[in-house]
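To start, the structure under review is shown below, and the notes come after it.
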Amino acid sequence: MFKRSKIWRFFSSVKLAIWLLSTIAFFSLIGTFIPQSSVYFSWWFILLLVLFSLNLIACLLNRFFLSDHSMGFFIVHASILIILFGALIGILFGQKGYLKISKGQEANSFISRGKRTSLGFSIRLNDFIYSENIDSEERLLVYQRIKFEKGVCDMRNLQTARDAEGFLAEIPVNLGIEQGIGNTGYRIKVIRYVPDFIIDVSTRVVSSRSASPDNPAIEVELKDLKGGIKTVWLFARFPDMRQETGVDFWIIYNWAPRRPRDFISKVSILKSGKEILSKDIQVNVPLNFAGYNFFQFSYDSQNLSWTGLQVVKDPGVPVIYAGFVLLILGLVMIFYVDPLTRGQLNVFSIS
């Protein structure tokens, strides 16, 4: 019989299944350390998956028709085959690439496997929003002006500065929150932060030269006992810069390195020049359109002028999901339905 031939015994061998699984696992591990296109999309890796699929089919038919197994057993093994089939579809027909868009610009194609691929629509970057987590060590240190100007401490040694004579208060840097300054009666509120301070000498307009903290500064609002308000800029790298606040204390900005909190690409999808969809793309919150998934991948860390999006299209994903649903169904039948059915059959046979 055909099922007893050498070819059949070869493809239905458990030893072959173990060897194929071990080989696939080994090269999958290697694929995590080198560019994926050189492993997962290679012809020999695809051949390994095809051989494993054939081995699984042979084992499935061999066990199902030659042994007394339940439908649950068949569904579980068939689901694994479907998952493998979905993975093969993704490898053979899927697309994965990178897209870089500047603010106000549009893109309608991306590079996938060394070739430019058309999206069939355009994606426009309307804005890019970047925010940071303020480190707990970032503080405003307040001193009595007279004692500070007499040089009671070296302001470049901030630990000494906290312990120095004339120290009045240590205030967390909380943007937009009004806080009291010790027992002075004054209140202070941080109203703006720029990582790389620059000012236009003609217009006196303050901006940030880049997103890098090369010259971090904050603008604070001081409120006196009568409710009068005065604003002043504080510079982390120039703590001894003169401050014309009109008050009898001096404020030092103790900056600490900040960590990125979120970066958001505000994009629009356009077809024939018309906007049909607007979406914010965040880390772990991709945009899905026309089978493509756009993931937040990188950004311009210097000027925040462009965003980098990873583009993924995998037509095998629905097949893989279907395989997992069948896998769960088969396991439910094996562990719950089959024992109940066999129990009922035993009752009927005894009666």
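Quick note: the coordinates plus some simple rules give every number you see, no bench work behind them. Given the structure is predicted, the values throughout are model-derived calculations rather than measurements. Neighbour counts are summed over all protein chains in view; Cβ atoms, including those assigned to glycine, are modelled from backbone coordinates with ideal geometry.
Give me the percent relative contact order of region 275-341, please, defined on Cα pairs under 8 angstrom at least 6 residues apart.
Details: 57 pairs, mean separation 12.9, N = 67.
Relative contact order here is 19 percent.
Work out how much length Ile7 to Val283 would gain on full extension: take 0.36 nm times their residue separation and subtract the Cα-Cα distance, in nm to one decimal. Don't skip to the answer; put the middle values down first.
Working: separation 276, 0.36 × 276 = 99.36 nm, distance 4.95 nm.
Going from the current span to full extension adds 94.4 nm.
Of Phe289, Pro339, Pro260, whose Cα points farthest to the positive end of the dipole of region 198-339 (charges on the beta-carbon: +1 Lys, Arg; -1 Asp, Glu; origin at the Cα centre)?
Of the candidates, Phe289 comes out farthest on the positive side.
If you rank Ile229, Ile181, Ile252 by fewest surrounding Cβ atoms within 10 Å, what's the result?
Details: Ile229 10, Ile181 19, Ile252 22.
Ascending number of Cβ neighbours within 10 Å: Ile229, Ile181, Ile252.
Can you tell me how much longer the chain between Ile46 and Phe27 gets when fully stretched, taken as 0.36 nm per residue apart minus their C-alpha distance, in nm with one decimal? Write out the running numbers ahead of the final one.
On the way: separation 19, 0.36 × 19 = 6.84 nm, distance 1.14 nm.
Computed gain between Ile46 and Phe27 is 5.7 nm.
Tell me which trypsin sites (Lys or Arg not before Pro) from region 73-137 have a DSSP coil assignment and no more than 12 other beta carbons within 10 Å of their own. Each step should come with its number before you reach the end.
Details: sites: Lys96, Lys100, Lys103, Arg113, Lys115, Arg116, Arg124; in loops: Lys103, Arg113.
Taking region 73-137 and a limit of 12 other Cβ atoms within 10 Å, the loop trypsin sites (Lys or Arg not before Pro) found are Arg113.
What pairs in Lys115/Lys279; Lys279/Lys313; Lys115/Lys313; Lys103/Lys313 have C-alpha atoms more than 21 Å from each other? Working shown, then result.
Working: Lys115/Lys279 27 Å; Lys279/Lys313 18 Å; Lys115/Lys313 15 Å; Lys103/Lys313 24 Å.
Distance filter (> 21 Å) returns Lys115/Lys279; Lys103/Lys313.
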